[in-house]
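Visitor: I'd like to ask you about the structure that follows.
The values are calculated or read from the model by the stated rules, or taken from the named source; none is laboratory data. No experiment lies behind these values; they were computed from the predicted model shown. Methodologically, a virtual Cβ is constructed for each residue, glycine included, from the backbone with ideal geometry; neighbour enumeration extends over all protein chains shown.
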Amino acid sequence: MRDSTFPIAAPTLTLVFGLLTAVAPAGSARAQGVKVAPALLTSVTPPGIARGASVTLTLDGARIGDATEAVFSDPSIRGSVARGASVNQARITLRATPATPPGIHRVFLRTPLGATGSVSFAVGAWPEISQKEAAGSDAAQPVELPGTLIGRMDRVGDEDSFDFAARKGDQLVFEVVAAPIRSRFSSSLAVLDAAGAVVVEAVGSDTTPDSLLIFEAPNNGRYRLRVRDFENAAGGDVYYRINAGPLAYARAAFPLGLPATGGEVTLSGVNLANGGRVRVSGRSGETVNLREVGGVPLLRPVSVALAAEGDGIEHLEAAASQAGLPVPGVVNGTLGSPGEADSFRFRARKGETVLFEVQARRLGSRLDSLIEVVELDGSRIDRATLRCIAETVTVLNDRDSVTTGLRFLAWNDFRVNDFVFVRGEVLKISALPRGPDDDVRLRAIRGQRVGYLETTPSGHAINTPIYKVQIHPPGAQFPPNGMPIIRLPYQNDDGGPALGKDSMLTFVAPRDGEYRVRLRDVRGGGGSDHTYRLLARAPQPDFKLALATEQPNVPASSRIPVDVTVDRLDGWNGPIDVWLEGLPQGITAPRTTIEEGEMTATLLISDDRPAGSPGLLRAARLALEGASMIGGRRVERTFPVAGGMAAVTVLPVPDLSVVSAPAGVKIRPGAEEWVDVAIRRNGGYDARVPLDIRNLPFGVRILDVGLNGVLVTETETSRRFQIYCEPWVKPMKRMVYCTAKTESTPAVEVAAAPVVLEVLPSTAGGLK
């Protein structure tokens, strides 16, 4: 079916959803559901191989039996693909060469039904030793170390044991690898002596289920490694790999940063050659991953940062403590004991912005940093005052620090775009509940809610107070209203989705003079592995882009929406033009814009070839391009999609197509407009059809969507719904995309030709 136009009055929007699949033969009454769904890759067996070995991997999923190519994240891994035992299985015969770096690697498949997402598997540097069932519960399997121990918890309460020899003073390392290869194994390791007494043990946690145990043999003899799941989980998805033996393990590196010209770092750990000293070189601003010491592979790579332009001079902790921290400048230090805090003087002029950034977890340190700026005498400095003007509490259940919704007891006094304060974090409302059994949605990026004013999201229990707040300058005073006044200090724990557990703090000096930046571990930890690199510099506004879909699959003669997300660096909030480079011939994607202050936008990828063109399976080195005016100059950035491994695939003709009538829709702030939808059911297609409008600007939303969205049910042929524009939305023009999708796994979502949504200037007569 080709696009067609229906005469309707603007600004009403009409969508027609028709089938591109063949019409059922005359007289046939058999209903048909989804016939075209993309290939899906879910698992790989075995989930790990030895470096240099030739292995056959079995890949399971859906519709992958006709895979034509397997693509690996490291070019040193190559393999040929063949059909497995069914249409939902493929097999790869591959070899990981001796040059393949140990660690976690990824593979995806290219098939006539699209390129799959990737799954991970491990490559080890030591011989593989599979666990064998032994007679008797106390029997241990003798093994020679080093090696990689492989096993599975088959029954609840299962326990595996491995018997090994050690000489007095030997330092043996046992590293569990499970979570990165999609195992549910939560590890508990213990080394027992000949009498069965526990010598040393290590247990994972909810946040780090893969444990690491270091054992120094007290005497010559034989010992036993006991392996359990501390939650007593069992089954085919509770498996493990344990790298074991006198392996080179670096617990920490110091310093974590070096000048751009490179230098020497010292690694601390066990079984390290050359006293752990390593020469490091590379490009300015690069993070260098050290994979070996003295020609011996490290169990885990260690990262060291080379100074970038604008970082300033690298200093050691002792020197910076005495002389102060220049801006720009960098200090490399260690919180050597639990509860320790380091602080450094620095000077700033009134109104000057100084950005402090911690590099620690990203470089392999165990430090979970918290930084704050205080007066020289340690007294706090406020960055903002929050006036509370409405109050409610959380209900239903506890929430973690990531989830993008909170259940409010009442929300009558809350609106979209309001700021709220919830026990230490400042959040912004993106959507109100769609019904009584729904959450208030909060601004988020990549599935993680965003804390404003550099506050850090945290977990919240039931009955935690929620305040609607107004943000005012430090020291502001207000008449009492029965609710608290909250004064936010210059402090930051986690720096957001791009920085993880590392901190970032933007300080604006209230006066000329000296201040103090203070750094500690948020949980009071310390030790030689709590190293850090603390940068003090002027903001360097920039951005990073990411495409939500690694492998775009476009149905023939159709269009698909693909989201783009942005990490805004150092406070940059300007608009960013976005486009794709490297698309195959006949596949297009018009440019889009991430609006000022926004974090997402949607690209529309289209198969513009003539109807009936042959199917296409073509790799493309896709790159996401972005441009923005920063500091008066145009800044362009290039971001390879899927690390340069992206492929664009044209699928067969889909079950749905979308046709929209008007060229544009106009709406005023505070107003509502109706959207009329009709569908055609050709070929016996009998499933319900979820509808959406993608790329709507923040503040324009669909009303009355219900918990399942806007649906054309199995027995309906039309649907009418409304869109609403918040009163504060600024005038703009924006391309939006009307979509429909199948409820398959994965779903196929197709879009109409772009529609121009125009938000008109607000007028008193235009408000409803």
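Visitor: Being charged (D, E, K, R) and surrounded by 15 or more Cβ atoms within 10 Å (Cβ to Cβ) is the filter here; which residues of region 325-379 pass it?
Guide: Answer for region 325-379, where residues must be charged (D, E, K, R) and surrounded by 15 or more Cβ atoms within 10 Å (Cβ to Cβ): GLU340, ASP342, ARG345, ARG347, GLU357, ARG361, ARG362, ARG366, ASP368, GLU372.
Visitor: Suppose the filter is in a loop (DSSP other than H, G, I, E, B) and surrounded by fewer than 14 Cβ atoms within 10 Å (Cβ to Cβ); does PRO75 pass it?
Guide: Details: in a loop (DSSP other than H, G, I, E, B): yes; surrounded by fewer than 14 Cβ atoms within 10 Å (Cβ to Cβ): yes.
Yes; evaluated as a whole, the condition is true for this residue.
Visitor: Also, I was wondering about something else. In this structure, is ALA244 modelled with pLDDT of 95 or more and closer than 28 Å to ALA166 by Cα?
Guide: Values: modelled with pLDDT of 95 or more: yes; closer than 28 Å to ALA166 by Cα: yes.
So ALA244 fits the description; yes.
Visitor: Just to be sure, is ALA536 of a type in the set (A, V, I, L, M, F, W, C), at pLDDT 95 or above, in a strand (DSSP E or B) and in contact with a strand residue (DSSP E or B) (Cβ under 8 Å, 6 or more places away or on another chain)? Before the answer, list the steps.
Guide: Values: of a type in the set (A, V, I, L, M, F, W, C): yes; at pLDDT 95 or above: yes; in a strand (DSSP E or B): yes; in contact with a strand residue (DSSP E or B) (Cβ under 8 Å, 6 or more places away or on another chain): yes.
So ALA536 fits the description; yes.
Visitor: Which strands (runs of 3 or more DSSP E) sit wholly inside region 214-299 and have at least 3 residues that are touching a residue at least 24 places away in the same chain (Cβ under 8 Å) and within 27 Å of the chain's Cα centre (by Cα)?
Guide: Details: elements: 221-229, 239-245, 249-254, 263-270, 277-280, 287-293.
Where strands (runs of 3 or more DSSP E) fall fully within region 214-299 and carry at least 3 residues being touching a residue at least 24 places away in the same chain (Cβ under 8 Å) and within 27 Å of the chain's Cα centre (by Cα), they are 239-245, 249-254, 287-293.
Visitor: Among LEU651, LEU656, which is the only one that is touching a Phe, Trp or Tyr at 6+ places or on another chain (Cβ under 8 Å), crowded, with 16+ Cβ neighbours inside 10 Å and either aromatic (Phe, Trp, Tyr) or within 23 Å of THR745 (Cα to Cα) (or both)?
Guide: Numbers: LEU651 fails: touching a Phe, Trp or Tyr at 6+ places or on another chain (Cβ under 8 Å).
One residue alone meets the criteria, LEU656.
Visitor: Also, I was wondering about something else. Going residue by residue through region 326-341, is there one that turns out to be of a type in the set (Asp, Glu) and either within 13 Å of LEU534 (Cα to Cα) or in contact (Cβ under 8 Å) with a residue 60 or more places away in the chain (or both)?
Guide: Looking only at region 326-341, we keep the residues that are of a type in the set (Asp, Glu), and these are 340.
If we keep only those that are either within 13 Å of LEU534 (Cα to Cα) or in contact (Cβ under 8 Å) with a residue 60 or more places away in the chain (or both) too, we end up with 340.
For region 326-341, residues of a type in the set (Asp, Glu) and either within 13 Å of LEU534 (Cα to Cα) or in contact (Cβ under 8 Å) with a residue 60 or more places away in the chain (or both): present.
Visitor: Next question. Could you tell me whether region 104-112 includes any residue that is in a strand (DSSP E or B) and either small (Gly, Ala, Ser) or over 28 Å from the mean Cα position of the chain (by Cα) (or both)? Give the steps one after another, and end with the answer.
Guide: Applying the first criterion (in a strand (DSSP E or B)) to region 104-112 yields 104-111.
Next, only the ones that are either small (Gly, Ala, Ser) or over 28 Å from the mean Cα position of the chain (by Cα) (or both) stay: none.
So far as region 104-112 goes, no, none of its residues is in a strand (DSSP E or B) and either small (Gly, Ala, Ser) or over 28 Å from the mean Cα position of the chain (by Cα) (or both).
Visitor: Does LEU583 satisfy the condition of being under 16 Å from PRO555 (Cα atoms), touching a residue at least 60 places away in the same chain (Cβ under 8 Å) and not in a loop (DSSP other than H, G, I, E, B)? First the steps, then the outcome.
Guide: Numbers: under 16 Å from PRO555 (Cα atoms): yes; touching a residue at least 60 places away in the same chain (Cβ under 8 Å): yes; not in a loop (DSSP other than H, G, I, E, B): no.
Answer is no for this residue.
Visitor: Can you tell me which residue within region 717-768, out of those that are polar (S, T, N, Q) and surrounded by 17 or more Cβ atoms within 10 Å (Cβ to Cβ), is modelled with the highest pLDDT? Show your work before the answer.
Guide: Here is the first cut: in region 717-768, the residues polar (S, T, N, Q) are 717-718, 722, 739, 742, 744-745, 762-763.
Add one more test, that the residue is surrounded by 17 or more Cβ atoms within 10 Å (Cβ to Cβ), and what stays is 739, 742, 744, 762.
Numbers: THR739: 89, THR742: 84, SER744: 82, SER762: 86.
Among residues in region 717-768 that are polar (S, T, N, Q) and surrounded by 17 or more Cβ atoms within 10 Å (Cβ to Cβ), the one modelled with the highest pLDDT is THR739.
Visitor: A follow-up question, please. From the list ARG407, ARG449, pick out the single residue that is more than 30 Å from ALA252 (Cα to Cα), within 29 Å of the chain's Cα centre (by Cα) and without any contact (Cβ under 8 Å) to a residue 40 or more places away in the chain. Please lay out each step first, then the result.
Guide: On the way: ARG449 fails: without any contact (Cβ under 8 Å) to a residue 40 or more places away in the chain.
Of the residues listed, the single one that is more than 30 Å from ALA252 (Cα to Cα), within 29 Å of the chain's Cα centre (by Cα) and without any contact (Cβ under 8 Å) to a residue 40 or more places away in the chain is ARG407.
Visitor: Tell me the residue from THR565, THR549 that is hydroxyl-bearing (Ser, Thr, Tyr), closer than 22 Å to MET645 by Cβ and either in the same structural domain as PRO338 (by TED's automatic domain parsing) or part of a strand (DSSP E or B) (or both), please. Full working, then the answer.
Guide: Details: THR549 fails: either in the same structural domain as PRO338 (by TED's automatic domain parsing) or part of a strand (DSSP E or B) (or both).
Testing whether each residue is hydroxyl-bearing (Ser, Thr, Tyr), closer than 22 Å to MET645 by Cβ and either in the same structural domain as PRO338 (by TED's automatic domain parsing) or part of a strand (DSSP E or B) (or both) leaves just THR565.
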